[in-house]
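Below is one structure, written out as structure tokens, with a few remarks after it.
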Amino acid sequence: MTERRASSRPWSTSSLLLSALLVGAVSLLAEGCSSEDPEFLRCNPGQTYCQGVCVTGTTCDVNSGSGTGGGGQLGSSGGAAGNSGGQSSGGGPSNMSGGAANQSSGGAPGSGGASAECTNVLPQDTDWPEGTCDDWASQTSECDAEWFADYCNESCGRCTPGPSGSGGGNNNEGTGGGGLGDDNPWGKVNGGQNGWASRYWDCCKQSCAWQGKGGNSPTSSCDPSGNNRVADNTASACDNGGSATTCNSYTPWAYSSQVSFGFVATHAGSGVTCGTCYHLEFTGSSHNGGADPGSAALAGKTMIVMSTNIGGDVSGDGQMDLLLPGGGTGALYGCNVAWGVQKGDPKLGATYGGLRSGCQGDLNGIKQCVKNKCDDLFGNLPEMHEGCLWYVDWFEAADNPSFRYEPIDCPSEISSVAK
């Protein structure tokens, strides 16, 4: 099994370790320091999260250096937060400039002047539920219609999404590159079939990890820590006395603001073989029906996923069960071995649906509700916590979102993690 490095997982806590040295600085008091901030648990030990940056100490004293980069916050096209030295080349709030302090990878995504986020939000309850924003823009004239003014802004050409951060600047030298941008080398799904994404994490050994199912190079399984690979014939934690669990590296991760990678369970009778990869494009609707705000916000984003499990409770209607910490444990359970959390603990959420179940309201309210549950369940499990927050931040806490999908050759970014 090859471990993912910080360069391919911009939100990883390991990326923060790259900038342990602080060059002489002037202290600037920042407001808004709170342990409830979304990034709090991603800071290094001995650091505090303050207005988008991790700073040394227990108070919000941000050390400023000479950075001049122009990175932006995730999903924005403007300059990013960070208090490092010179003026940001892309603007930014409250005279903040450069990349986030203590991050050697420079600013977070985006460059250029600040502007509203450019998104593709699909209309709901139409006669064309399978139509994507690109379909509406290319096959109809609705982009010019008054009722369509708030939908599919990117595909209709009303805005341009910000490019990847081009500078950033870290706390010390201001030389870091841009962070998570909007790159999508794999493009959109061309035609494809209809499907939908459920979610689970049962801590069991993946079925494709058994020799013979996974071929000559089966999927990895790990010891109860989730970090050390075990022999292919090790019994699953979901069997009495077994210890093989799902590896922590199988949590989903973002390649950019538009593309993520992950692993899925597929239908037992679908004929899918272990290690098959699929290219998904989310349509903006939910398989549940109704108007799910998370599914709408996810419209146009894409994922590349690999089948590593054959699910007996996965349906044959295009369902793919996404491996996601906090996604619900499903029919089997081994997290007492992996996490020390007993089956039925209320912190786990619903058996099917997990932490998202019971969260209602508008999108921000739902995401905050799920985020609080992530903090509660995974406060001492940083890799699981990171994957849970990916669901909140990148996946928009979407509930069973629909997608179009097609087979794709597995990119090295995902195949290197699975083995």
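Miscellaneous remarks
- Of everything listed in (1) in a helix (DSSP H, G or I); (2) crowded, with 20+ Cβ neighbours inside 10 Å, the single unmet condition for residue 347 is (2).
- Residue in the stretch 365-372 that is in contact with a Ser or Thr (Cβ under 8 Å, 6 or more places away or on another chain) and either of a type in the set (Val, Ile, Thr) or free of Cβ contacts under 8 Å to residues at least 40 places away in the same chain (or both) present: no
One line per residue, one yes/no per condition, for (1) assigned by TED's automatic domain parsing to the domain that holds residue 402; (2) hydroxyl-bearing (Ser, Thr, Tyr); (3) under 25 Å from residue 412 (Cα atoms); (4) assigned to a loop (DSSP other than H, G, I, E, B):
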site: 213; (1), (2), (3), (4): yes, no, yes, yes
site: 220; (1), (2), (3), (4): yes, yes, yes, yes
site: 227; (1), (2), (3), (4): yes, no, yes, yes
site: 257; (1), (2), (3), (4): yes, yes, yes, yes
site: 279; (1), (2), (3), (4): yes, no, yes, no
site: 282; (1), (2), (3), (4): yes, no, yes, no
site: 290; (1), (2), (3), (4): yes, no, no, yes
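Each row is one residue, and each column tells you yes or no for (1) touching a Ser or Thr at 6+ places or on another chain (Cβ under 8 Å); (2) of a type in the set (Ser, Thr, Tyr).
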| position | (1), (2) |
| --- | --- |
| 239 | no, no |
| 247 | yes, no |
| 272 | yes, no |
| 276 | yes, yes |
| 286 | yes, yes |
| 289 | no, no |
| 298 | no, no |
| 307 | yes, yes |
| 314 | yes, no |
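- If you filter the stretch 124-140 down to residues that are part of a helix (DSSP H, G or I) and under 12 Å from residue 151 (Cα atoms), you find that the one that is modelled with the highest pLDDT is 137.
- Check on residue 330, of a type outside the set (Phe, Trp, Tyr), under 20 Å from residue 375 (Cα atoms), outside any helix (DSSP H, G or I) and out of contact with any Cys (no Cβ under 7 Å at 6 or more places or on another chain): no
- Among the residues of the stretch 259-277, the one identified as in contact (Cβ under 8 Å) with a residue 40 or more places away in the chain, of a type in the set (A, V, I, L, M, F, W, C), closer than 12 Å to residue 308 by Cβ and in a loop (DSSP other than H, G, I, E, B) is 274.
- Restricting attention to the stretch 314-347, the residues that are closer than 23 Å to residue 405 by Cα and aromatic (Phe, Trp, Tyr) total 0.
- When residues in the stretch 284-333 are screened for being of a type in the set (S, T, N, Q) and free of Cβ contacts under 8 Å to residues at least 60 places away in the same chain, 1 of them pass.
- With respect to the conditions (1) over 23 Å from residue 329 (Cβ atoms); (2) out of contact with any helix residue (DSSP H, G or I) (no Cβ under 6 Å at 6 or more places or on another chain), residue 369 falls short on a single one, namely (1).
- 2 or more residues hydroxyl-bearing (Ser, Thr, Tyr) and out of contact with any Lys or Arg (no Cβ under 9 Å at 6 or more places or on another chain): qualifying helices (runs of 4 or more DSSP H) within the stretch 360-419: 412-418
- Filter result for the condition that a residue is buried (at least 24 other Cβ atoms within 10 Å of the Cβ) and not hydroxyl-bearing (Ser, Thr, Tyr), over 261, 282: 282
- Residue in the stretch 234-253 that is farthest from residue 206 (Cα to Cα), counting only those that are touching a Phe, Trp or Tyr at 6+ places or on another chain (Cβ under 8 Å) and not in a strand (DSSP E or B): 252
- Some residue of the stretch 351-363 being surrounded by fewer than 19 Cβ atoms within 10 Å (Cβ to Cβ), among the aromatic types (Phe, Trp, Tyr) and in the same structural domain as residue 207 (by TED's automatic domain parsing): yes
- Scanning the stretch 297-317 for residues that are outside any loop (DSSP other than H, G, I, E, B), of a type in the set (Gly, Ala, Ser) and over 23 Å from residue 185 (Cα atoms) yields a single hit, 311.
The values are calculated or read from the model by the stated rules, or taken from the named source; none is laboratory data. What you see is a predicted model, and the numbers here were worked out from it, not measured in a lab. A quick note on method: Cβ atoms are made from the backbone with ideal geometry, for glycine too, and the neighbour counts reach across all protein chains shown.
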